[in-house]
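The structure under discussion appears below in the form of C-alpha cells.
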Amino acid sequence: MKSTVIYNGKYKWVAFGRDQDKPEKIIDTNQYMVIDGSRSLLMDPGGIEIFSSMLASVLRHTDIDSITDLFASHQDPDIISSLGLWDEALPSATLHAPWLWEGFIRHFGLSNIKYNALPDEGLSMTLNPARLVFVPAHYLHSSGNFHVYDPEARILMSGDVGAALESPGASMFVSDFDEHIPKMKLFHERWMPSNKAKLDWIDRVRKLDIEYMAPQHGRIFKGEAVQQFLNWFEQLDVGTAIK
Ligand SMILES: [Fe+2]
Ligand SMILES: [Fe+2]
C-alpha cells in the first residue's frame, strides 16, 4: 500500500492507496488519515480484503493507541467491511458514521468501538487541534452519506464523488482534467442516482475553500482541477442509466 502525505502543517493528512497486493477483482480504494498528535482519524478505512495491508501502512505513520477515531462516509463494503477487524485492533475508538446506516454497518461487527450516529445535517469534531466538518452528501451515492471538510488544510474528502476507475499504479493526482473524464463518466452516471442531490451538494461545496478534493477511488483533484470537476459534474446527467 502506497502512502502519500497531502498536507503537512500543524497536523498531517495522509492518503493510502494503489495497493499492489489487493485481489484483482476488487475495486481499488483510497483511504485517508488525519494524524494530529495523540489523536488520529481514519476515514473510509476500506474492506476486509485490505485490512492487513492498511494496518501495516497506518502504523508506519502513527502508533495504534493514537488512532482514536474512525469515519465511514456510508455503508458500502469497500468503505467499512473491515470494521470487525478494526473493532479488535482499536477497542476504544469511536466510529463517526450516518445515523441512517447504524443498524446495517453493525452487521460488519462492532462490539467494542463506539458508534457516533451523525445526524442528517452533519456535525463537526476536533482532534488536537484539527477541526473536521462532516458535510452532508446524501444520495451521492448513498442515501445517508457524508464528506469530510478541513477548513485549515482546505481538503474535502469526497467519498465516491470524484471517483475514477483507474489502472493499478496510476498517479495519485489528476494532471490533465480532460484526459481524466472518461475514467469518471460511467461511475457518476450509474452510481449517482439524483441530479437534484448533485446540484444541492455542488451549491454547498462551492461555498467552501478547497485546495484538494480527495475521493475514495481514483485520483485527487488539486487547485483548478477542483473547480473543473464541479463544473463537469454540474452538467452531467446522472441517475439516468435505466431509460
Ligand atoms: Fe459507495
Ligand atoms: Fe466506493
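Couple of notes before you dig in:
- The lysines within cross-link reach of K185, meaning a Cα-to-Cα straight distance under 30 Å and a gap of 8 or more places when in the same chain, are K2, K22, K25, K196, K198, K207, K222, K243.
- Low-density loop positions, trypsin sites (Lys or Arg not before Pro), the stretch 1-110 - DSSP coil, at most 15 other Cβ in 10 Å: K10, K25, R60
- Here K114 is the anchor, and the aspartates and glutamates within straight C-alpha reach of less than 12 Å, apart from those fewer than 8 places off in the same chain, are D69, D87, E102.
- Ordered by 1.4 Å accessible area with all protein chains kept, T240, T126 run largest first as T126, T240.
- What a 1.4 Å probe finds exposed on the chain is 51% carbon and sulfur by accessible area, rounded to a whole percent.
- Full-extension gain in nm, L208 to V133, via 0.36 nm per residue minus C-alpha separation: 25.9 nm
- Potential lengthening of the chain between R60 and N231 amounts to 57.8 nm, from the contour at 0.36 nm per residue minus the alpha-carbon distance.
- Semi-axis lengths (Å, descending) of the ellipsoid that matches the C-alpha gyration tensor of the stretch 111-220: 24, 17, 15
- Theoretical FRET efficiency, 1/(1+(r/R0)^6), r = Cβ-Cβ of F104 and D176, R0 25 Å, to 0.05: 0.05
- Over the chain, accessible surface divided per residue gives 43 Å², non-protein components excluded, 1.4 Å probe.
The values are calculated or read from the model by the stated rules, or taken from the named source; none is laboratory data. As the structure is a computational prediction, the values presented were derived from the model and not from experiment. Neighbour counts are summed over all protein chains in view; Cβ atoms, including those assigned to glycine, are modelled from backbone coordinates with ideal geometry. The area values use the complete protein model at the heavy-atom level, side chains included, leaving out ligands, DNA and RNA. Shrake-Rupley method; radii C 1.70, N 1.55, O 1.52, S 1.80 Å.
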